Amino acid sequence: MKKLFLSVLVVASAISFTSAQNATVGASPEVSKWSIAVKGGVDYFRVTPSSTYGTSQMDKYINDASWGVGLSIEKTFNPLFGLGLDVDYLNYNRNTLTGYTIDPTLFGSLNLTNLFFPHREKSIFNWYYKLGGGAAFYTGDPAKGVKRSSVSPVGATSLLFEWNLSKRVALGIEGGYRAYLREDLGGTVVP
C-alpha cells in the first residue's frame, strides 16, 4: 500500500499585490482581480515512519522542519471564487534523507469571509480555503547514497488568512497540507 507523504508549508509572510478590474461602473474592486503572492516560511516534511531522532516528541518535530518558498498567481472571478497557480520550492532535511521538491499546483480558492458575511462594507480581513493538485518534481538523497529524481502526483489544501494593508497590498499567513503518492519521495523504497 502506498504511503502518504505530508509536507506542510506554514507561510511566515506572504505579500499579495492585486490589480483590480471593475466589472461595471461603481462595482467593488474585489469583483474581478489578479493577485500575485510571494511566500516563504517553514516546511515540515513528515514521512511514515516518522523521525527516529530526538529525545522528545517536540525535538522530533523540530528536527523534521526545514524551509520553503513559493510564488502564487490567482485570478479572482467574483467575490467568492478564484483560480490560480502555486509554484513552491520545499526543502527537506532529515537524519536519513535530504532533498527538495518543486511543486507546481493548480488550485481553486473560496473566500470564506465573503461566503459567511456577504454584505460587508470593507474587507480588511479575509479567510480563504484553497484546494488543488499538480505534480511534484523531486530530488532526494537517502542515507544509502542512491540519489533519486522523479515526479509524483501531489494534492494540496490550505487555509489562508489575509490582512489588506491597502487596496493593492495585503499580508497573509497560510497553513497547508500536501499529500504525495510516490514512496521513494521519502526515501523509504530503494529501486
**Study point:** Matching residues in segment 82-98 - criterion: being free of Cβ contacts under 8 Å to residues at least 60 places away in the same chain, within 15 Å of residue 65 (Cβ to Cβ) and part of a strand (DSSP E or B)
**Key:** 91, 93, 98
Point to revise | Which numbered condition residue 189 misses (of (1) at pLDDT below 70; (2) hydrophobic (A, V, I, L, M, F, W, C); (3) closer than 30 Å to residue 36 by Cα; (4) surrounded by fewer than 16 Cβ atoms within 10 Å (Cβ to Cβ)) | key: (3)
**Study point:** The lone exception for residue 48 - which of (1) among the β-branched types (Val, Ile, Thr); (2) at pLDDT 95 or above; (3) not in a strand (DSSP E or B) it fails
**Key:** (2)
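With 109, 152 as the choices, which residue is closer than 23 Å to residue 35 by Cβ and hydroxyl-bearing (Ser, Thr, Tyr)?
Working: 152 fails: closer than 23 Å to residue 35 by Cβ.
Just a single option satisfies the conditions, and that option is 109.
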Practice item. Please verify whether segment 112-125 includes one or more residues that are under 17 Å from residue 157 (Cβ atoms) and out of contact with any strand residue (DSSP E or B) (no Cβ under 6 Å at 6 or more places or on another chain). Key: yes
Check your understanding: So, of the residues in segment 134-149 that are open to solvent by 30 Å² or more (accessible area, probe 1.4 Å) and within 21 Å of residue 39 (Cβ to Cβ), which turns out to be farthest from the chain's Cα centre (by Cα)?
Key -> 137
Practice item. Exactly one condition in (1) at pLDDT 85 or above; (2) over 22 Å from residue 65 (Cα atoms); (3) in contact with a Pro (Cβ under 9 Å, 6 or more places away or on another chain) is not met by residue 137; state its number. Key: (2)
Check your understanding: Looking at 115, 110, which one is farther than 24 Å from residue 45 by Cα, at pLDDT 95 or above and open to solvent by 40 Å² or more (accessible area, probe 1.4 Å)?
Key -> 110
Practice item. Sort out which residues of segment 160-174 are surrounded by 15 or more Cβ atoms within 10 Å (Cβ to Cβ) and of a type in the set (Gly, Ala, Ser), and write them in order of number. Key: 170, 172
Review point. Modelled with pLDDT under 90 and acidic (Asp, Glu) - does that describe any residue in segment 88-97?
Key: no
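The values are calculated or read from the model by the stated rules, or taken from the named source; none is laboratory data. This is a predicted model, so every value here is computed, not measured. Quick reminder, even Gly has a Cβ in these numbers, built from the backbone with ideal geometry, and neighbours come from all protein chains shown. Each accessible area value is taken on the protein alone, full model and side chains, heavy atoms only, with ligands, DNA and RNA left out. Shrake-Rupley method; radii C 1.70, N 1.55, O 1.52, S 1.80 Å.
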